[in-house]
Amino acid sequence: MLSLKKNISNTFKILLMIGFGYFFWLMLKITLEYIPLRSDVSFLMIKQTEVTNRPEYLYFFYTHVYTSIFVLLSGFSAIIRKDFGIRNFHKNFGKFYIFLILIFAAPSGIYIGIFANGGIYSKISFVILGCLWWFSTFKAYQLARQKKFKEHKHWMWRSFALSLSAVTLRMWKVIMVYLFHPNPMDAYQIIAWLGWIPNLLLIEYLIAKKYI
C-alpha cells in the first residue's frame, strides 16, 4: 500500500511537471502581451470602463499580472520539495512565493475580482478565490514558522492549487467554448467557479488519501 501511494505521488508529480511546463509557457506568453505597459491591449480592451473611471485599476491589474507569473514559478519550485543541489532552494523559493501572494498577488486579485466580468456570481467567486488564496498561503507560512512541516506542506498544496486557477480557468474556457458555444458572459460565470473549485477538491482528495 505504501509503495502504491508513493508511485501515485511520484506519477502525480511527473504529470504536474509536464503540465505545468506547458501551461506556464502559455501564461508567460499572455503576460508578455502587457509589456510595455498599455491600457488598450488584450483583456484590458473589455475593461475600458474601469480603466477610464478608476485610475487605480491599472495599478492593481498590472501588479496582479506581473507578480502572478513569478508566483507560479516560485510556487512550483517550492512544492516539488527539492533543492537541486542548491542550499535552501526550497526554503527560499517558498518564502518568495508566500511574500508575493500575501503582499501583492492576492490583494490585487481581490480588488480586480470586485470588477470581474460576468455579473455578481463571477465577482463573488473571484473575491472568495482571492481570500482563500491569501488565507491558505498565510496558514502555510504560519505552520512553517511553528515547524509543523507536514501541515505546512498540505496548506502549500492548497495555496498552489488556487494559484493554478489562472491556468485551469483558461483551460475550462477553451473546453466550454469548443463543446457548448455558450454566451461569453454565461461562460464566464461558470468558469469563474470551475477555475478553482475542482483544483481544491483534487488536492483535498490527495491529502485525505495521504498521496501528498
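The values are calculated or read from the model by the stated rules, or taken from the named source; none is laboratory data. Keep in mind that what you see is a predicted model, and the values were worked out from it rather than measured. Please note: Cβ atoms are built from the backbone with ideal geometry, for glycine as well, and neighbour counts cover all protein chains shown. Ligands, DNA and RNA are stripped out before the accessible areas are found, and what is left, the full protein with its side chains, is counted by its heavy atoms. Shrake-Rupley method; radii C 1.70, N 1.55, O 1.52, S 1.80 Å.
How far, in degrees from 0 to 90, does helix 55-79 lean away from the longest principal axis of the Cα atoms of the chain, to the nearest 10?
Taking the Cα atoms of the chain, the angle to 55-79 is about 20 degrees.
Looking at the chain, I'd like the Rg to Rh ratio, where Rg is from alpha-carbon atoms and Rh is Kirkwood's inverse mean 1/r.
Using Cα coordinates only, the ratio equals 0.98.
Going by the alpha-carbon gyration tensor, a ≥ b ≥ c the square roots of its eigenvalues, is region 98-212 rounded (a/c under 1.5) or, if a/c is not under 1.5, prolate (a/b greater than b/c) versus oblate?
Here region 98-212 falls in the oblate category.
With each label point set 7 Å from Cα along the Cα-Cβ vector, what nm distance links D186 and T31?
In this crude label model, D186 to T31 measures out at 3.5 nm.
May I ask you to give the percent of accessible area on the chain that is carbon plus sulfur, with a probe radius of 1.4 Å?
C and S fraction of accessible area: 69 percent.
By average Cβ neighbour count within 10 Å, what is the ranking of 166-174, 27-35, 92-100 from highest down?
92-100, 166-174, 27-35
Could you pull out every one of the lysines with an alpha carbon less than 18 Å from that of K173, ignoring same-chain neighbours closer than 8 positions?
Counting by Cα, and skipping residues close in sequence, K173 has these lysines nearby: K29, K123.
How long is the gain from D40 to K150 if the chain were fully straight, where each residue apart is worth 0.36 nm and the alpha carbon distance is subtracted?
Length difference between fully extended and current span is 35.1 nm.
Rounded, prolate or oblate: which fits region 29-109, taking a ≥ b ≥ c as square roots of the Cα gyration tensor eigenvalues, rounded meaning a/c under 1.5, else prolate when a/b beats b/c?
It is prolate, given that a/c is not under 1.5 and a/b is the larger ratio.
For region 136-193, what class follows from the C-alpha gyration tensor (a ≥ b ≥ c being the square roots of its eigenvalues): rounded when a/c is under 1.5, otherwise prolate if a/b is larger than b/c, else oblate?
prolate
Just to confirm the number: angle between the C-alpha axis of helix 197-208 and the first principal axis of the chain, 0 to 90 degrees, nearest 10?
10 degrees
If ligands, DNA and RNA are left out, what is the accessible area of I110 with a 1.4 Å probe, given in Å² to the nearest 10?
Looks like 40 Å² after rounding.
How much area per residue is accessible in the chain when the probe is 1.4 Å and only protein heavy atoms are counted (Å²)?
Heavy-atom SASA per residue in the chain reads 58 Å².
In degrees between 0 and 90, to the nearest 10, how far off the longest principal axis of the chain does helix 120-145 point, with axes built from Cα atoms?
The angle comes out at about 30 degrees.
For Y111, Y59, give me the order by solvent-accessible area with a 1.4 Å probe, most accessible first, ignoring ligands, DNA and RNA.
Heavy-atom accessible area, descending, gives Y59, Y111.
Apply the Karplus curve 6.51 cos²θ - 1.76 cosθ + 1.60, θ = phi - 60°, to the phi angles in region 36-42 and return the couplings in whole Hz, x for Gly and Pro.
Working through the residues one at a time gives x, 4, 8, 10, 10, 10, 6 Hz.
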